[in-house]
Amino acid sequence: MLICGIFFATATIALLFDFTSIAIICNTLGLLVTCATFLRHNKHEKEQYLTESTKNALKALTQKQFQNINIKTLKKEKNPYVNELKALSEAMQKQQQRIQKRTRKLHEKNLQNTQLLASISHEIKNPLSIIQASIETIMIHKEMRQDMHDKLIHRIMVYSKKINALLNKLALSESLEHNVIIVKMEHFDILSLCEEVIEGFHNYLLKAVYQDKKIILEGKSRFIFADRILIEQVLNNLIYNALKYAHTQVIVQIEEHYIAIIDDGDGVSKHDLPNLTKKYYQSSGAKHNNHSLGLGLFIVKEIAKIHNTQVEFFTKRTKKEGLCVHFHI
């Protein structure tokens, strides 16, 4: 500004002494210097303002206050970093959403595991209590009647099998889910396998738990190509599930392209049908049943996948029919 003053003062003195040319030159130089100084000052202010707006945007990003970053305003201000700030904001928001989603899933998984442990604990505690009480009774009353002694021994065997079946089911579900199971395909008669499985139910559950229910086998001999042990597990799970909800009977039908297991219970709601094979899922009816962890039908679905086939569920197709399951094989 001092230089501008000198030029303008010189121009004034030149006019007084009638040096017009010199006055014009000095005025022009003074004006140019003034303009240059003004422009430089404005540029500095603008740069300072842009630096401040960028700093505020970055501060909002570090604090994850994405709502405080107004991209439109930054564009109007012609901030040179608007594209970079926008890209960074969007990337951080996506990452934040992924973290929140993962956190929710972990919370749900933890809750599910807690509920599962509670269910397993309940399922094992009851049989163990009965086994313990039976053993204590035998030890205390060493001269009890033979029929009472045999009854207690039978009870110990029944509930030991229940615990063993539960642990086997848990192990199998994990093996199937993580594809760590050896599959041995072979030709065998499905009728013969059904007869063996049903005989096992007659020797155990139908005698000890479901004395008022029966299993009816319908169909003829048919050879299939599958893993015999896994198909045996499918039959065990489906028949056991049907027995839990049947009023009087379970029908096992061997059809040309599938095996049908039908109970005469109350069926399930149509809302529950798509969820029946989900791991640990229990329908509204099963929630009041103390014999289910929600693993049986999940195992059936996984075995169906291994055999590249499917399992279908139907409910209340007739008045006498509850839940009907078709396992295609």
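Key figures for this structure:
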| item | result |
| --- | --- |
| Filter result for Ala242 (modelled with pLDDT under 95, under 28 Å from Val268 (Cβ atoms) and over 29 Å from the mean Cα position of the chain (by Cα)) | no |
| Residue match in segment 242-257 (condition: open to solvent by less than 10 Å² (accessible area, probe 1.4 Å), among the small types (Gly, Ala, Ser) and either part of a loop (DSSP other than H, G, I, E, B) or within 14 Å of Phe314 (Cβ to Cβ) (or both)) | yes |
| Candidates Leu238, Leu193, Leu230, Leu166 - the one that is under 20 Å from Thr309 (Cα atoms) and touching an Asp or Glu at 6+ places or on another chain (Cβ under 7 Å) | Leu193 |
| Considering residues of segment 301-311 that are touching a residue at least 12 places away in the same chain (Cβ under 8 Å) and under 22 Å from the mean Cα position of the chain (by Cα) only, the residue most open to solvent (accessible area, probe 1.4 Å) | Gln310 |
| Filter result for Lys101 (farther than 19 Å from Val300 by Cβ, open to solvent by 90 Å² or more (accessible area, probe 1.4 Å) and either polar (S, T, N, Q) or modelled with pLDDT under 85 (or both)) | no |
| Residue that is modelled with the lowest pLDDT [pool: residues in segment 150-160 that are within 14 Å of Gln132 (Cα to Cα) and not hydrophobic (A, V, I, L, M, F, W, C)] | Tyr159 |
| Filtered residue count, segment 312-326, keeping only those that are within 17 Å of Pro274 (Cβ to Cβ) and open to solvent by less than 30 Å² (accessible area, probe 1.4 Å) | 5 |
| Count of segment 195-234 residues which are open to solvent by less than 30 Å² (accessible area, probe 1.4 Å), part of a strand (DSSP E or B) and over 29 Å from Lys151 (Cβ atoms) | 3 |
| Test: residue in segment 157-169 that is farther than 30 Å from Ser121 by Cβ and over 36 Å from the mean Cα position of the chain (by Cα) | no |
| Only one of Ser192, Ser173, Ser160, Ser129 that is of a type in the set (Ser, Thr, Tyr) and surrounded by 15 or more Cβ atoms within 10 Å (Cβ to Cβ) | Ser173 |
| Residue match in segment 187-207 (condition: among the β-branched types (Val, Ile, Thr) and under 27 Å from Ser121 (Cβ atoms)) | no |
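Conditions (1) basic (Lys, Arg); (2) free of Cβ contacts under 8 Å to residues at least 12 places away in the same chain; (3) not in a helix (DSSP H, G or I), marked per residue:
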site: Thr137; (1), (2), (3): no, no, no
site: Ile156; (1), (2), (3): no, no, no
site: Leu172; (1), (2), (3): no, no, no
site: Val180; (1), (2), (3): no, yes, yes
site: Phe188; (1), (2), (3): no, no, yes
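The values are calculated or read from the model by the stated rules, or taken from the named source; none is laboratory data. In this text, all values refer to a predicted model and were calculated from it rather than measured experimentally. Here the Cβ is made from the backbone with ideal geometry for all residues, glycine too, and neighbour counts use every protein chain on show. Surface areas here come from the heavy atoms of the whole protein model, side chains and all, with no ligands, DNA or RNA. Shrake-Rupley method; radii C 1.70, N 1.55, O 1.52, S 1.80 Å.
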